[in-house]
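Written below as structure tokens is the structure these notes are about.
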Amino acid sequence: MNKYLKLGKFNISVPVALTGFLGYFMVRAVIDMHALYTVSGIFLLSLSSAALNQIQERHTDALMKRTSQRPLPSGQVTLPGAIIFSSVCALAGSLLLLLTGHWLAAALGIFTLAWYNLVYTPLKRVTAFAVLPGALIGALPPLIGWTAAGGNPLDMEILAVAFLLFVGQMPHYWLLLLKVGDEFHQAGLPVITSLFDQRQIRNLSFIWIAATGVCVLMLPATPVIRHRAMSLILIAAALIFLIRMFRFSFRGNLVQHWKKAFITVNLFYLLIILVLIADRMF
């Protein structure tokens with residue numbers, strides 16, 4: 001079972017499901033069967049999408065040290081087995097979202113899978129800037145959760161959260177490139193490390209980091225946050241985040257400290273999600 005969880009990128013699919021729960025909880029601050037259907041459906045669709053991605057990139061994965069031990073290139077999972085796993089997860093996830101009674105939530109889930117595997121994944125072979133359309137994937141799970149709870153997907157509250165998660169995909173990706181960009185290049189994939197030097201990549205990374213912090217600082221001025229205490233927590237967290245990332249970027253060597261910076265970005269987003277959930281609990 002562990003090899004299939006690796007195939008579905010369990011460590012990524014869990015945070016994806018959490019952002020989906022955030023969207024649901026912002027509409028209905030209860031944990032009921034529909035919430036379970038929503039979170040499970042998003043989780044299974046994420047597993048399916050990740051497995052399909054590994055099917056698509058199995059030959060490229062075999063060429064890179066970071067990915068050569070993934071289930072398909074290492075032979076832990078057969079190609080037919082991976083296809084069956086991805087298909088079953090996609091079907092089950094879609095059906096669970098339909099059980100919420102909101103077909104649009106299921107449609108958004110299927111669209112997210114299609115966008116990741118039919119648009120973003122092929123684009124990675126064509127352009128180093130595929131991350132821009134690819135970042136949409138991180139913005140859609142909370143929108144799915146919001147819609148599954150009966151919310152209007154065009155409401156400004158959820159669009160503000162989705163935009164924040166869209167922007168947050170950028171520093172995550174740029175920081176990862178500082179570590180593995182050379183491997184991508186050796187595997188024949190276009191990467192920005194071949195277009196920009198490390199100083200330029202550092203500057204571009206910090207632009208997106210700053211944009212992420214600014215987006216969080218703006219949340220208290222929107223209807224997304226309802227309690228002053230939560231606003232103060234977000235403001236404090238954003239300022240600490242910006243100062244820490246500035247020190248990594250300009251008072252140190254971002255390449256050497258990429259892992260600390262990477263963890264900082266992920267923990268910052270986890271804190272934001274937990275604060276937004278807590279804001280609806282009180």
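The values are calculated or read from the model by the stated rules, or taken from the named source; none is laboratory data. Predicted model only: the values in this text are computed from it and were never measured. Neighbour counts run over all protein chains shown; Cβ positions are idealised from the backbone, glycine included.
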Which pairs do you get when a residue that is in a loop (DSSP other than H, G, I, E, B), found in the range 227-239, comes within reach of a residue that is not hydrophobic (A, V, I, L, M, F, W, C), reach meaning Cβ atoms under 7 angstrom, with the pair 6+ apart or on two chains?
-> 227/279
From the options 242, 271, residue that is free of Cβ contacts under 8 Å to residues at least 40 places away in the same chain, buried (at least 16 other Cβ atoms within 10 Å of the Cβ) and more than 22 Å from residue 17 (Cα to Cα) | 242
Pair list, Cβ < 9 Å and 6+ apart or interchain, from the range 44-57 residues that are charged (D, E, K, R) to residues that are in a helix (DSSP H, G or I) | 57/121
Qualifying residue in the range 48-69 (condition: closer than 23 Å to residue 153 by Cβ and either in contact with a helix residue (DSSP H, G or I) (Cβ under 9 Å, 6 or more places away or on another chain) or surrounded by 15 or more Cβ atoms within 10 Å (Cβ to Cβ) (or both)) | yes
Filter pass, residue 201 being surrounded by 14 or more Cβ atoms within 10 Å (Cβ to Cβ), in a helix (DSSP H, G or I) and modelled with pLDDT under 90 = yes
Output the number of the condition that residue 15 fails; it satisfies all remaining conditions of (1) touching a helix residue (DSSP H, G or I) at 6+ places or on another chain (Cβ under 7 Å); (2) assigned to a helix (DSSP H, G or I).
-> (1)
Out of (1) crowded, with 17+ Cβ neighbours inside 10 Å; (2) over 30 Å from residue 225 (Cα atoms), the odd one out for residue 112 is which?
-> (2)
Residue selected from the range 129-159 under the condition out of contact with any helix residue (DSSP H, G or I) (no Cβ under 7 Å at 6 or more places or on another chain) and of a type in the set (A, V, I, L, M, F, W, C), by the criterion farthest from residue 33 (Cα to Cα) = 129
